[in-house]
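One structure is given below, encoded as structure tokens.
The values are calculated or read from the model by the stated rules, or taken from the named source; none is laboratory data. Just so it is clear, the model here is predicted, and its values are computed rather than measured. With ideal geometry, Cβ positions are generated from the backbone for all residues, glycine too; neighbour counts draw on all protein chains shown.
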Amino acid sequence: MLYRYADTCWQVAYSHDEEGNEIQGSLEFLRAAVERGHRLKVMFAGISAEPDQIMIRGGHVTAMILSNVLKDGSNRKLFAAEGVWDWGLMSTTGTYRSLRLQIGAAVETSGSRVTSKRAAVWFIDTRSWIKVLAHSKTGVVTFGSKGTLLGAVGNGARVRYIMQFGTDDNSIQEADNVAINNENIGAMHVRSVSITTASSSSEYEFQARPYWWFTIAASTGDVAMSRYIQKIITSI
């Protein structure tokens, strides 16, 4: 017996064709919802996925999808014979970039990097996300209070946060776990890999030698980063 349940707290925020032309909703509404903390889900090419990380740059939204393993091309119900990560970067410009690496060995084969154009539908959850704290890079509180955040965590609330690297470069992440230290918390996120700006300033691409990018964002303003690089062998 297999039971399946559906979380119905989702609504369409934006959809576009392969060239990024608007079909339904609005990009502004999608971007504003993401910046208010809402979860995001994107559906394209027969796949529906909740991103592991969200980036905003140049007014566009990019979803990093790492929680995907390559399927058998002839049978979508089976995994590929060899375990292969099937990572992707889906942008509201319509551009989709994929990278495939053998699991464990991190072997990159020829043709593993593909850039294509995809129509996509972007969803946001309809739950109430409340902004409880904002602070400067030195930990000076500019909105809300640390006590409110601690209280929310103590009541079991999920924590999402935005790290601002510039005026037009934001990364939205969900805490995989939260550590409490007196009046401060540290939000750990471990589901990211390194990217770089693509030829279009609104898009991203995986780095030539990508590494796992682990972060702990503390309410003191400190951000600890750990980079784990695997040896990547490129087949000719």
Qualifying residue in region 66-77 (condition: buried (at least 16 other Cβ atoms within 10 Å of the Cβ), more than 21 Å from residue 214 (Cβ to Cβ) and not assigned by TED's automatic domain parsing to the domain that holds residue 209): yes
Identity of the residue in region 78-99, β-branched (Val, Ile, Thr) and assigned to a loop (DSSP other than H, G, I, E, B), that ends up surrounded by the most Cβ atoms within 10 Å (Cβ to Cβ): 92
Any hit, region 137-155, residues being in a strand (DSSP E or B) and in contact (Cβ under 8 Å) with a residue 60 or more places away in the chain: no
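A quick yes/no check of all residues on (1) hydrophobic (A, V, I, L, M, F, W, C); (2) farther than 22 Å from residue 39 by Cβ:
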| position | (1), (2) |
| --- | --- |
| 156 | no, no |
| 187 | yes, no |
| 196 | no, yes |
| 213 | yes, no |
| 226 | no, yes |
Residues that are over 30 Å from residue 75 (Cβ atoms), surrounded by fewer than 20 Cβ atoms within 10 Å (Cβ to Cβ) and touching a residue at least 12 places away in the same chain (Cβ under 8 Å), drawn from region 32-60: 35, 36, 58, 59
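Test residue 213 against the stated conditions and say whether it is surrounded by 15 or more Cβ atoms within 10 Å (Cβ to Cβ), modelled with pLDDT under 95 and assigned to a strand (DSSP E or B). Please lay out each step first, then the result.
Details: surrounded by 15 or more Cβ atoms within 10 Å (Cβ to Cβ): yes; modelled with pLDDT under 95: yes; assigned to a strand (DSSP E or B): yes.
Against the criterion (surrounded by 15 or more Cβ atoms within 10 Å (Cβ to Cβ), modelled with pLDDT under 95 and assigned to a strand (DSSP E or B)), residue 213 qualifies.
Could you list, in sequence order, the residues of region 111-136 that are assigned to a strand (DSSP E or B) and touching a Cys at 6+ places or on another chain (Cβ under 8 Å)?
125
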